[in-house]
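> Sharing a structure, written as structure tokens. Questions coming.
The values are calculated or read from the model by the stated rules, or taken from the named source; none is laboratory data. Owing to the predicted nature of the structure, the values given are computational and were not obtained by experimental measurement. Here Cβ is always computed from backbone atoms with ideal geometry, including for glycine, and neighbour counts include all displayed protein chains.
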Amino acid sequence: MSKSTWLTVDLGTEPGIKTVVALRDALAEAISASERVLVRGDQVERIDISALQILAAAHRTASAAGRTITISAPTDGPLALALKRTGFVGADGTPQTREGAFWTFSPAAKDEAA
């Protein structure tokens, strides 16, 4: 597999404390296997802070390795609301943290990974 191919990691419907180990492992594998990782959050119904922490850590790991990681999720869905409540992004979706740009939806990434 080419390192420039988009690899997709799906968050599922309820990423949280019961799934963070599997999520961490899937993200680590994707980051090591590809320069570009797309995290799909369009099926998320509920998410807890542990999953957001794993996503933030994956972003730092990918950045340190010179890789790209992007989330694709509805701007009005549970994932976006959780990001706003926890302060990763502001009420209008603008980044509020160093990892903020990671949370910004990237249509090009979604289209290319499809």
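> Tally the residues that are crowded, with 18+ Cβ neighbours inside 10 Å, closer than 19 Å to Thr13 by Cβ and more than 12 Å from the chain's Cα centre (by Cα), restricting the search to the stretch 79-91.
Of the residues in the stretch 79-91, the ones crowded, with 18+ Cβ neighbours inside 10 Å are 79-80, 82-83, 88-89.
When the remaining residues are screened for being closer than 19 Å to Thr13 by Cβ, the result is 79-80, 82-83.
Still in the running and more than 12 Å from the chain's Cα centre (by Cα): 82.
Result for the stretch 79-91: 1.
> Restricting the search to the stretch 61-72, which residues are in contact (Cβ under 8 Å) with a residue 24 or more places away in the chain, surrounded by fewer than 22 Cβ atoms within 10 Å (Cβ to Cβ) and not β-branched (Val, Ile, Thr)?
Within the stretch 61-72, Ala65, Gly66, Arg67, Ser72 meet the criteria.
> Would you mind telling me which numbered condition in (1) under 12 Å from the mean Cα position of the chain (by Cα); (2) modelled with pLDDT under 85 Ile69 fails?
(2)
> If you don't mind, another one. Return only the number of the condition from (1) out of contact with any Gly (no Cβ under 7 Å at 6 or more places or on another chain); (2) surrounded by fewer than 18 Cβ atoms within 10 Å (Cβ to Cβ) that Ser50 does not satisfy.
Among (1) out of contact with any Gly (no Cβ under 7 Å at 6 or more places or on another chain); (2) surrounded by fewer than 18 Cβ atoms within 10 Å (Cβ to Cβ), the lone unmet condition for Ser50 is (1).
> Here is a follow-up. Got a sec? Which of Ala58, Ala26 is in a helix (DSSP H, G or I) and without any contact (Cβ under 8 Å) to a residue 24 or more places away in the chain?
Details: Ala58 fails: without any contact (Cβ under 8 Å) to a residue 24 or more places away in the chain.
Only one candidate passes the filter, namely Ala26.
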